[in-house]
Every structure is written in C-alpha cells, then in structure tokens.
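**Student:** Dropping the structure in here first, questions after.
The values are calculated or read from the model by the stated rules, or taken from the named source; none is laboratory data. Only a predicted model underlies this, so the values are computations on that prediction, with no experimental measurement involved. Cβ sites come from the backbone with ideal geometry, for glycine too, and all protein chains shown count toward neighbours. When the accessible area is computed, the model is the full protein with side chains, heavy atoms only, and any ligands, DNA or RNA have been set aside. Shrake-Rupley method; radii C 1.70, N 1.55, O 1.52, S 1.80 Å.
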Amino acid sequence: MLRPPSREKWSSDFPRWFDWVIEAAEVYDYGRYPVKGMGVWMPYGFQIRRRVLEVVRGLLDSTGHEEVLFPLLIPEHLLRRESEHIRGFEGEVYWVTHGGREELDVKLALRPTSETSITYMETFWIKSYRQLPKKYYQVVSIFRYETKATRPMIRLREVTTFKEAHTVHESFEDAERQVLEAIEVYKAIFDRLLIPYVISKRPEWDKFAGALYTIAFDTIMPDGRALQIGTVHHLGQSFTRAFDFRIQMRDERLDHPWQTSYGVSDRVVASLIAVHGDDRGLVLPPSVAPIQVVVIPITPGDEEKRGKVLTYTARAAEALEKAGLRVLVDDREWERPGAKFYYWEAKGVPIRVEIGLREAEQETLTIARRDTLEKTEVPLGEAGDRIRELMAQIESSMRERAKSFFCERLLRTESLEEARDWVEGRRGIAEIPWCGREGCGLEMEERVNGKVLGTPWPEEPMEEGKRCPLCGRPAVAWIRLAKTY
Ligand code: ZN
C-alpha cells in the first residue's frame, strides 16, 4: 500500500522546513542578500508569484478596480498629514535624506503604505460624487524598518508584493458596502489558492493606523501560529479630512468623501507554500503551478531503444501541450531519473509523467500525482483528459486536506486554562467569551501568552449566559487568541 508523503518535518519544525523548501525549490533566496529583511525572488518563485498575482489582478479588474502606479517616495509633510497614521508608522519608516552629496530640503519616505500619497492625488482627480465610487489598486514594494525578527516572505523590511487597493465613496454606507466587496474578493483569492482562513474584526487597539475599523484574514501555519494574510480597512473620513479633500455631494454641498483601503502581500505566496507542503517539498495547486506536468523519459542504454523512448516522449509532450497543459520535458542526460523525481517533487509540480520503453511500445503514459504519489497508467490518446480530471481531483483533495488541518486547530472554550494550553501549546486559534472591554482583552493576551486576533466576522449573536472568564460580566462576543507571526 502506498503511503502519502510524510508531513512530520513540515509540522514539527516548520520554520526550518520553510527555510529549506524555499531554497530546495528555488523559490526565494533569503539571507544571502546583504541587507537584512530583504530577499530575492528566483525565476521559479517569480513564476509562482506571477500566477498568484494573475488571480489577484483578475478578481480586482473584474470588480471595477483600476490599476495605477505611484512613486515610491512620499515627502515627509504628506506622510505626517494624518496624525494617527504617522503615529502608527513613525518607528518603521525609512527616510531618504540625501540626493548625491546634497542634503534634501524635504525628507522623503520610502512608502510604508500609500494612503497619504494616493489621497493627495485624488484631491486633484475627483471633484464630484458622479465620479464615485472610485477604486484604484497597485502592486508595489513597501518598506518597513521591522524591529522584530525578520523572516523570509513573512516579516520583511522590503515587502515586494504589496497589493494595495484604495477606494473613494460618497457616503459611510457606500464605503461599508465596499468593505464587503473587498472581503468577497479576498475570499475568492484564498479559495482559489485553497488556503483556509478565519475572518476577524481586529480589536480597537490593533486596527490600522487611521482607520475606523479593520477586518482581517488569518490562516494557521503548520506550527500552530496564526498568520495574517489580508486586511480590509474602513478609513472613514480621516484621510480626506486631513487633506481637506472635498467633493460636490449629491445634495450640492461640498463635503469630505469616505474611503477604504485593503491589502495582501508576499504572505499570500508564503501561505500557499506553507499550507500545502510536505516533507518532500512544495505541493502546488495545479491552477497556479508554473509547470503542471513534468515529463521524464527513462532511457534504456541501447541506442535504438533510447531513440524510440525520446521520439515518443516528444510526441507525448506535444499532445499534452495541445491539450492546454503547461508541460516541461526534463531530458537532462547527466541526471538520473530518481534525482529528477526528487527535484520536481521539491518544486511541487502536480503531475509527473514517466516514459520508459514499455510506455513507448504500448503508447501509454505512467502518471504520478504529487500530493499522494499515486501512479496510474493511461493510453496516450486519453492522457489530456485524464490529466485534467486528475488535476481537478488534486485541487479538491488539497482543499479538503488543508481545511481539515485548519479545523482541527480551532478551539471554542469557556475556560481560560484550556485556551491557554491551546495557544501556548501552539495548537492553533482559541475562542473564549469576552465582555468587550479592552482591559480584559489585553489581560487575556498575557494570560494565554498570545495575541488577540479579534472577534468573528460577520458578527455572531452571543449565546445567553456566557461570561467573560476574567471579570465575570456577560460576554458580548467570542474573542480569538493565538500565537502569531
Ligand atoms: Zn471582562
């Protein structure tokens, strides 16, 4: 009986597994570039990133978002305009102070995020409610001088894949409707990537600097820690007021419009890698795999038979390409088939096709799926359809596997001790009843030695009789706690 690949190292020593896999699969070179907190996307990783971004762009474009590109540098006076905002980011901003040998009159920030620069330009572009709603987005690098320990793709000083969307609305309600749309877009992105998540309203003390409220997506890493993978902010009028940005409203008066912003980052790719991997390496969902099928000829020593296998391999690869699959033939002569198997397994290619003399003579293909390593043999004529079916099966079993891992790591309990054991033991996210007061929330963080993620979104009515385990007052919501990255 064939056993699926082990996930022991993946779960028991996740940070080390992650460092190993991004190197073994040639995704991301981290730690060798001579600036701390900055890594290099290698060709294979760049292709994965590009496929993920295609999903993101596709969903944004189809919901009326327009892509823009703003300068990297933000002058100090713009960044300082909204006071909460600068208070939230001040300690993390990189400043450009010199141009050549001259000191600059105005310090320039490397953007930590773009609410200020985008709002500033919107004051010139948007004059009337008739132009609204307006939805912009860009995919750019942002810079944050992180003081916590940096980690490849997860906590960086240059986040290279920051997709930030910024929208403008004529009313609070319309901005709120946009928050819902953004959440739907993000759900669709993570669902396509088979990444499970919970959606929480972040507590007041942990919302985005300058926002009315923040809704966040968190997934769970193999080591039981939560990873924030997307956030959506209702900005209210804080930035439009700070920039004295007024437009003509429906009732003719001039007033400040309302805004939202929402972002995802390199962490989407990081979670794609983390959630699906195993001890052999990456396991990529076929929809975003740069190579869906790798074809490996297993050539006999005999010259004539070898020619036969190679001719048939070329024919098979062409047929699979014609069927619309992304195919690569690994015909490197200096590498043994076994080594090739390991190499492409580490890279997470969903389907491996093996072609030896038997396959060439019988006009069949031996197909192995990456997620379970199961093998089947199919006639060449049916191969395109069969691989397509198999890829659909792979997607659905990957989704199930990720979901069951995730669900086993959610605990709802009324006991603070149980929550503490769960969180401290890195078993996942715990939910306990909460009175809604900040003091109790912060004390819970200390007691369970974790972080508050917030309360479930959409809001759930709280059951009768539940009490905050700290102060004994009636609970208003479940509150989520976890170790986080
Ligand atoms: Zn309380």
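**Student:** Could you tell me what percent of the accessible area of segment 40-88 is made up of carbon and sulfur, with a 1.4 Å probe and every protein chain present?
**Tutor:** Carbon and sulfur together cover 57 percent of it.
**Student:** If you roll a 1.4 Å probe over the heavy atoms of the protein chains, what accessible area per residue do you get for the chain, in Å²?
**Tutor:** 45 Å²
**Student:** What part of the accessible area of segment 105-219, given as a whole %, is carbon or sulfur when the probe is 1.4 angstrom? Kindly include the intermediate steps, with their values, before the conclusion.
**Tutor:** Numbers: 2080 of 4000 Å².
Percent of accessible area from carbon and sulfur atoms in segment 105-219: 52.
**Student:** Further question: Taking the Cα centre of the chain as origin, work out the dipole magnitude from +1 charges on Lys and Arg Cβ and -1 charges on Asp and Glu Cβ, in debye rounded to 20.
**Tutor:** Working: 72 positive and 78 negative charges, 89 e Å.
Roughly 420 debye, rounded to the nearest 20.
**Student:** So what does Ser396 come to for accessible area, using a 1.4 Å probe and Å² rounded to 10?
**Tutor:** Surface open to solvent at Ser396 totals about 60 Å².
**Student:** What would the Debye equation give as log₁₀ I(q)/I(0) for segment 145-287 at q = 0.09, 0.13 Å⁻¹, counting only Cα atoms as equal point scatterers?
**Tutor:** -0.34, -0.66
**Student:** For segment 9-276, compute Rg over Rh where Rg is the Cα radius of gyration and Rh is the Kirkwood radius from the inverse mean 1/r over Cα pairs.
**Tutor:** Details: Rg = 19.1 Å, Rh = 19.5 Å.
My calculation of the ratio gives 0.98.
**Student:** Further, regarding this structure: Would you work out if segment 20-163 is rounded, prolate or oblate? Take a ≥ b ≥ c from the square roots of the eigenvalues of the alpha-carbon gyration tensor; rounded if a/c is under 1.5, else prolate when a/b is larger than b/c, oblate otherwise.
**Tutor:** In terms of gyration-tensor shape, oblate.
**Student:** Next question. Could you estimate the translational diffusion coefficient of the chain from the Stokes-Einstein equation, with Rh from the Kirkwood formula over C-alpha pairs, at 25 °C and 0.890 mPa s, in whole µm²/s?
**Tutor:** Rounded, D is 99 µm²/s.
**Student:** Rg/Rh for segment 17-104: what does it come to with C-alpha atoms and Rh from Kirkwood?
**Tutor:** Radius of gyration over Kirkwood radius for segment 17-104 works out to 1.08.
**Student:** In addition: Angle check, please: helix 438-448 long axis (alpha carbons) against the longest principal axis of the chain (alpha carbons), in degrees 0 to 90, nearest 10.
**Tutor:** Taking Cα atoms only, the helix is inclined about 40 degrees.
**Student:** At a 1.4 Å probe radius, which order do Trp334, Trp205 fall into by accessible area, largest first?
**Tutor:** Values: Trp334 195, Trp205 75 Å².
So, going from the largest accessible area down, we get Trp334, Trp205.
**Student:** Using a 1.4 angstrom probe with every protein chain in place, what is the largest-first accessible-area order of Tyr485, Tyr33, Tyr342?
**Tutor:** Result of the area sort, largest leading: Tyr342, Tyr33, Tyr485.
**Student:** Separate question: Among Leu104, Ile479, Ile387, whose Cα projects farthest towards the positive end of the dipole of the chain, with charges put on the beta-carbon of Lys, Arg (+1) and Asp, Glu (-1)?
**Tutor:** The listed residue farthest towards the positive side: Leu104.
**Student:** Also, quick follow-up: What fraction of the DSSP beta bridges in segment 344-485 is antiparallel, stated in percent and rounded to the nearest 5?
**Tutor:** On the way: 18 of 21 bridges.
Here the antiparallel bridges make up roughly 85 percent for segment 344-485.
**Student:** If I fit a long axis through the Cα atoms of helix 43-61 and take the longest principal axis of the Cα atoms of the chain, what angle between them do I get, 0 to 90°, rounded to 10?
**Tutor:** Helix 43-61 and the main axis of the chain meet at about 50 degrees.
**Student:** Another one. Per the 1.4 Å probe, what fraction of the accessible area of segment 293-389, in percent, lies on carbon and sulfur atoms?
**Tutor:** That share works out to 49 percent.
**Student:** Next question, about the same structure. Which percent of Cα-Cα pairs in segment 284-368 sits in each 5 Å bin, short to long?
**Tutor:** So the P(r) values, bin by bin, are 3, 15, 27, 25, 18, 8, 2, 1.
**Student:** Also: Enumerate the amide H contacts of Arg326 below 5 Å, restricted to partners 5 or more residues apart or on another chain; note that Pro and chain-start residues carry no placed amide H.
**Tutor:** Those lying under 5 Å, H to H, from Arg326 are Gln292, Val293.
**Student:** Among the listed pairs Lys201/Lys403; Lys148/Lys187; Lys148/Lys403, which have their C-alpha atoms separated by more than 27 angstrom in this model?
**Tutor:** Lys148/Lys187; Lys148/Lys403
**Student:** Keeping all protein chains in place and using 1.4 angstrom, which order do Phe190, Phe46, Phe143 fall into by accessible surface area, from largest down?
**Tutor:** Output order, biggest surface exposure first: Phe46, Phe143, Phe190.
**Student:** Do any trypsin sites (Lys or Arg not before Pro) in segment 23-119 lie in a DSSP loop with no more than 13 other beta carbon atoms within 10 Å, and if so, which?
**Tutor:** Those that pass, being in a loop and sparsely packed, are Arg32, Lys36, Arg101.
**Student:** Sticking with this structure for a sec: Report, as a whole number in µm² per second, the diffusion coefficient that Stokes-Einstein gives for segment 367-483 at 4 °C and 1.567 mPa s using the Kirkwood radius over alpha carbon pairs.
**Tutor:** The estimated diffusion coefficient comes to 77 µm²/s.
**Student:** Right, something else. Answer rounded, prolate or oblate for segment 25-71, using the Cα gyration tensor with square roots of eigenvalues a ≥ b ≥ c: rounded when a/c is under 1.5, else prolate when a/b is larger than b/c, else oblate.
**Tutor:** oblate
**Student:** Further, regarding this structure: Send over the semi-axes of segment 203-313's equivalent ellipsoid, whole angstrom and largest first, taken as the square roots of 5 times the C-alpha gyration tensor eigenvalues.
**Tutor:** Equivalent ellipsoid of segment 203-313: 55, 20, 8 Å, largest first.
**Student:** Right, another one. Straight distance only, please: which lysines reach the Cα of Lys107 with their own Cα at less than 24 Å, same-chain residues fewer than 8 apart left out?
**Tutor:** Lys36
**Student:** What number, rounded to the nearest 500 deg cm²/dmol, is the helix-based mean residue ellipticity at 222 nm of the chain, given -39500 (n - 2.57) per DSSP H run of at least four residues and division by all its residues?
**Tutor:** Theoretical 222 nm ellipticity from helices: -11000 deg cm²/dmol.
**Student:** Could you pull out the trypsin sites (Lys or Arg not before Pro) across segment 303-396 that fall in loop regions by DSSP (anything but H, G, I, E, B) with no more than 11 other Cβ atoms inside 10 Å?
**Tutor:** Passing sites in segment 303-396 are Arg332.
**Student:** Still on this structure, please answer the following. For Thr311, what accessible area in Å² do you get when you roll a 1.4 Å probe over the heavy atoms of the protein chains, rounding to the nearest 10?
**Tutor:** So the heavy atoms of Thr311 present about 100 Å² to solvent.
**Student:** Next question, about the same structure. Give me the angle, in degrees from 0 to 90, between the Cα long axis of helix 337-346 and the longest principal axis of the Cα atoms of the chain, rounded to the nearest 10.
**Tutor:** The helix 337-346 is inclined about 10 degrees to the chain.
**Student:** GluC sites (Glu not before Pro) within segment 289-324: which are DSSP loop residues with at most 13 other Cβ atoms inside 10 Å?
**Tutor:** none
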